[in-house]
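Comments concern the structure below.
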Amino acid sequence: MSNFKNVIEKIRELFHEPEEFIPLHVPHFSGNEKKYVSECIDSTFVSSVGQFVNDFEKSIAEFTGAKRCVVCVNGTNAIHLALIASGVKENEEVITQPLTFIATVNAISYANAIPVFVDVDKDTMGMSPKSLKIFLEENTEIKDGVCINKLSGRKISACLPMHTFGHAARIEELKEICDENHLTLIEDAAEAMGSRYKGKHLGSFGLLGTFSFNGNKTITTGGGGAIITDDETLADKLKHLSTQAKIPHKWQYEHDEVGYNYRMPNINAALGLAQMEKLEYILKQKRQLALEYKNFFTSLKIEVFEERENENCNYWLNAVILKNKEQQQLFLTELNEAGVMCRPIWELMTNMVMFKNCQKTNLDNATWLSHRVVNIPSSVVK
Ligand SMILES: *Cc1c(COP(=O)(O)O)cnc(C)c1O
């Protein structure tokens, strides 16, 4: 007997796909993608120098309201760059959440820093200001304007919350706590392109915010990422670090620190610029689908993740909250076997062998969510 037959039928109906496999999320190309990529090829400027890179950066800065944007090869190295450019050093600590995609925490490791995990809120799936505050009160002291972890003796330099599936974490409260405790706030907004809180784009609350343009994200450049900031000096530093720290010169190879080859190629930016032109349309379609899901699942008494007050969510991936782990597994099995792709939310980072010995708070909410949340097909409906 099937428990979720009606769910399978509804999703097939919404996607006008009575038989074929329905993926979780596919890119939507209906604008100038081929035209711009083709122009890029004709120009021969397919690598990291070219007009599309500049135009794409300008377009993201305008859309998000940030002063500057620096694009790079993917969302993971966007976080890595943001961390090191903001001054995170070897053996320092970065506070993050255990319920996230592995990239957030891998990037902390690339910076040779150590992650510390605090809980998330059940209603945002993002870092909990309450958990962060309790952690800081119980475990840290401020010495000469530096936040010191009393247990490890190390400096805690940054705080890296993530906006899960495009839903805003309690970012204003997090910012206030970070300011009080001398922590740099960096937002992993990889999933939040097009999401706003009180009209302000996610990723623009902290000193730096990062995005991903992987093939499964709201808009894509194949592979790609971006960092936004209002700090001009920091933006110049990000660009410098992402281009092998080469001092601009017509022919000379001079470099003033160890840099990275992280700058986005022009051909990817060509795709990205075309995607930016379609972003409003994509968001409109995704919000419509979220509304249909909400009405349907509410009628079944299955909870869906909705935006909170003052939030404007991109609904990158829609999510349902099942009753318990058994129901979650049953839902996953039945839908995936019926060719309707579903994915559980992530395993907690604190369960991974690389991070299981890291310092952490009580993680009741993150654990609760990881046993119940499932993502359902969320592409733009054709
Ligand atoms: C997608 C994603 C990233 C970065 O991904 P890339 O594949 O490197 O572009 C980082 N953090 C989160 C939470 C993500 O979902």
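Taking amide H positions as placed in the peptide plane 1.01 Å from N, state which residues far from Thr184 in sequence (5 or more) or on other chains have amide H under 5 Å from it.
Correct list: Ala158, Cys159.
Tally Lys/Arg at +1 and Asp/Glu at -1 over every other residue whose Cβ is under 12 Å from the Cβ of Met276; what's the total?
Around Met276, the charge tally is -4.
Normalised by the residues of the chain, what does the relative contact order come to in percent, with Cα pairs under 8 Å and at least six apart?
25 percent
Between His16 and Asp364, what is the label-to-label distance in nm when each label sits 7 Å out along the Cα-to-Cβ direction?
4.8 nm
Ignoring ligands, DNA and RNA, what percent of the accessible area of the chain is carbon or sulfur (1.4 Å)?
Answer for the chain is 50 percent, counting heavy atoms of protein chains only.
Across the stretch 131-233, how large is the tail of the calculated P(r) beyond 22 Å, expressed as a percent of all Cα pairs?
When every Cα pair of the stretch 131-233 is considered, 37 percent fall beyond 22 Å.
Counting only heavy atoms of the protein chains, get the accessible area per residue of the chain (1.4 Å probe) and round it to a whole Å² value.
Normalised by residue count, the accessible surface of the chain is 44 Å².
For the chain, how big is the tail of P(r) above 33 Å, as a whole percent of Cα pairs?
Tail fraction, whole percent: 32.
Enumerate the residues in the stretch 348-377 having an amide nitrogen under 18 Å from the point lying 7 Å beyond the Cα of Leu151 toward its Cβ.
Zone members listed by number: 348-367.
Taking only the C-alpha atoms, wrap a convex hull around the stretch 58-194 and report its volume per residue in Å³ as a whole number.
107 Å³
Counting only other residues whose beta carbon sits under 13 Å from that of Gly153, what net charge do I get with K and R as +1, D and E as -1?
Net charge in that neighbourhood comes out at +1.
Write down Rg/Rh for the stretch 290-377, rounded to two decimals, with Rg from the C-alpha atoms and Rh from the Kirkwood relation over Cα pairs. Could the numbers behind the result be given before it?
Working: Rg = 14.7 Å, Rh = 14.5 Å.
A ratio of 1.02.
The values are calculated or read from the model by the stated rules, or taken from the named source; none is laboratory data. Computed from a predicted structure; not experimentally measured. Note that we place each Cβ from the backbone using ideal geometry, even for glycine, and neighbour counts take in every protein chain shown. Side chains included, ligands, DNA and RNA excluded: accessible areas come from the protein's heavy atoms. Shrake-Rupley method; radii C 1.70, N 1.55, O 1.52, S 1.80 Å.
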